[in-house]
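The structure appears below as structure tokens.
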Amino acid sequence: MLLIGYPTGIETGTRLCLMMYLLLMISSLVSNEVLAIFALKTVVSHFNKMGSSVFLASLDITKAFDSLHHDKLFKCLYKIGLPEPLVEVLCNWYGKLFVSVCWANSFSYIFTVTSGVRRGGVLSPSLFNVFINVFIVLLRMFNVCCHIHSVFRGCLLYADDMILICPSVQGLPAMLNECVQISSEFALEFNARKSYCML
């Protein structure tokens with residue numbers, strides 16, 4: 001068990017920063033699902049203590065790992081400043097993905113795979129995170145999103161699941177519209193059956 005005591009006189013914002021720092025320190029000991037839930041509870045609790053309601057939208061990206069277009073991924077890698085030779089190596093690797101489908105002892109023609117990250121690949125989670133980070137980058141520009149001490153807390157991502165957090169009921173549809181625009185630009189789709197709004 002870990003007990004945390006705060007010296008008297010520390011303001012709420014500093015406590016929140018200390019909690020987030022502690023969260024980073026223990027992240028190797030706790031599952032990522034627990035960390036995501038803790039982050040969500042912390043943000044909601046902060047806004048509730050300030051007297052504000054919080055409105056949430058939970059979105060699920062349909063087959064996100066399989067839908068990631070390689071060309072768009074490589075553009076994202078260049079954009080974040082990854083060294084060009086490294087991006088070229090990844091382009092080379094992903095450019096040599098060919099498959100043939102076996103069905104009832106018959107094989108299809110060989111075709112090129114132009115989307116998706118390799119399942120079980122060591123780099124795959126990191127590549128997916130770079131690609132999906134575009135949602136956070138673009139949503140950060142909205143003034144209606146949740147910010148705590150000028151730090152954007154309006155979007156939590158865990159794999160292909162996304163939670164939008166907004167302190168105003170009018171702001172949440174604007175965030176959802178932005179997500180729809182981003183997803184159409186990157187050829188991603190949201191699964192309506194697994195997506196919800198919580199008001």
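Here is how the numbers come out for the structure above:
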| quantity | calculated |
| --- | --- |
| Cross-link reach list, aspartates and glutamates versus K194, counting only Cα pairs under 14 Å and skipping chain neighbours closer than eight places | D60, D160, D161 |
| Theoretical FRET efficiency, 1/(1+(r/R0)^6), r = Cβ-Cβ of L199 and F38, R0 25 Å, to 0.05 | 0.65 |
| Average accessible area per residue (Å²) across region 58-138 - probe 1.4 Å, nucleic acids and ligands excluded | 65 Å² |
| Qualifying trypsin sites (Lys or Arg not before Pro) for region 28-112 [loop in DSSP, other Cβ within 10 Å: at most 12] | K96 |
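The values are calculated or read from the model by the stated rules, or taken from the named source; none is laboratory data. Given the structure is predicted, the values throughout are model-derived calculations rather than measurements. Ideal geometry is used to build each Cβ from the backbone, glycine not excepted, and the neighbour counts take in all protein chains shown. Just the protein is used for accessible areas: all its heavy atoms, side chains included, with ligands, DNA and RNA removed. Shrake-Rupley method; radii C 1.70, N 1.55, O 1.52, S 1.80 Å.
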